[in-house]
1. Relative contact order, percent, of region 3-354 when contacts are C-alpha pairs under 8 Å separated by at least 6 residues?
2. Using a simple spin-label model with points 7 Å from Cα along the Cα→Cβ vector, what separation in nm is obtained for VAL105 and ARG231?
3. Would you work out the charge dipole size for the chain about its Cα centre, treating the Cβ of every Lys and Arg as +1 and the Cβ of every Asp and Glu as -1, and quote it to the nearest 20 debye?
4. Would the chain count as rounded, prolate or oblate if I go by the C-alpha gyration tensor, calling it rounded below 1.5 in a/c and otherwise prolate when a/b exceeds b/c, oblate otherwise?
5. For GLN352, what residues show an amide H to amide H distance below 5 Å, using hydrogens built from the backbone and excluding near sequence neighbours?
6. Quick check on the chain: helices-only [θ] at 222 nm, where DSSP H runs of length 4 and up contribute -39,500 (n - 2.57) each and the sum goes over total residues. Nearest 500, please.
7. Where in the chain are the DSSP H helices whose alpha-carbon span along the long axis reaches 24 Å or more and whose Kyte-Doolittle mean is at least -1.0?
8. Most exposed first by the Cβ proxy, i.e. fewest other Cβ within 10 Å, how do LEU223, LEU333 rank?
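Just so it is clear, none of the values below were taken in a lab; they were calculated from the coordinates. All values derive from a computational prediction rather than experimental measurement. Note that each Cβ is placed from the backbone with ideal geometry, even for glycine, and that neighbours are counted across all protein chains shown.
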Amino acid sequence: MSLLSLASRLARPLLLATDAETGHQLAIAALKALPIPRCADDDRRLGVSAFGLTFPNPVGLAAGFDKHAEVPDAALRLGFGFVEVGGVTPKPQAGNPKPRVFRLVPDEAVINRYGLNSDGVDVVARRLAGRAGRSGVVGVNIGPNKDTADRIADYGLLVEKLAPHVSYLSINVSSPNTPGLRDLQQAGFLDEVLARCIEARDKAAPGRPILVKIAPDLSLDGLDDMVRVSRKRGVDGMIVSNTTIARPDTLIDQATAKETGGLSGAPLFDRSTQMLAEAFRRVEGQFPLVGVGGIASAEDAYAKIAAGATLVQLYSAMVFKGFGLVGDIKAGLLARLRRDGRTSITDVIGTQNADWKLG
């Protein structure tokens, strides 16, 4: 066990004794304050190329943890192959009233209804611009203000201001906590959003990858529309998936499950992986997929990749397993590659896609 894993495990009872949002803030504060050493270079077998970018390993930090781009470099030093900050909105907004984050401890799950609380694009852009010259893949997740009169214009503004300072942009049309945002997953709206984002990208930072982040609650017809529009517009990738508004009957903490918001963590794994596999079949290799939802172990990450993900992301599992989880997952992936006789993690992509079907 690494020192980071040990320290993280020792701190976990304290963090879990606080309310969920305070625990999140303490984790950010710890990354700001602790002198986290740079991890050793990753084994070349974990290297991945996607969207024209090179990743030292396929395990990323999902959006929602470093909302305001305060600690991307510290997160990279934890061993992540890439970090996605945000979501970021054009104007600063406080988000929804507190309490707005809830742990379902026996389920290793989280419900949040943050509502895209953000320091605003100007503050975040300055922080990201301050990274100029530093290594590491850092993307940004973007979404419109809650009270905006023109959501499509918001996306264009965000791309214009942030594209020069990040490795890629993730277009969030799937948060369940901004009223009406998921309506943008309808084909006509999505087409307009992507057209505006690509136009802004081509002016501000030509070639910067644009990814679309979708919900796990889409119907197959809805997924067909998302993929069709994304392929037509030439997006560079798709992130599958955001949190879910569903509440599986298998949840143990049924009292907390009554809270509104997006559910993440272990209970999301099956649905998000089924959606990932369905997307992989529809994309037909036109662009790579990022698998998100319920990853808490190397076996989970391997399953996502085998279902069709080129890259994976996690966040909620760190609430319960600590910062050392990323190192544990990478070690477990290498062990699985050795066991299976594979020379690269990219050899695994899609190999078990047929095992995952929706419905």
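1. Value for region 3-354: 18 percent.
2. Each label point is offset 7 Å from its Cα along the Cβ direction, giving 4.7 nm.
3. That gives the chain a dipole magnitude of about 680 debye.
4. Rounded, since a/c falls under 1.5.
5. For GLN352, whose amide H was placed from the backbone, the distant partners under 5 Å are ALA307.
6. Result for the chain, helices only: -12000 deg cm²/dmol.
7. Once both thresholds are applied, what remains is 187-204.
8. LEU223, LEU333
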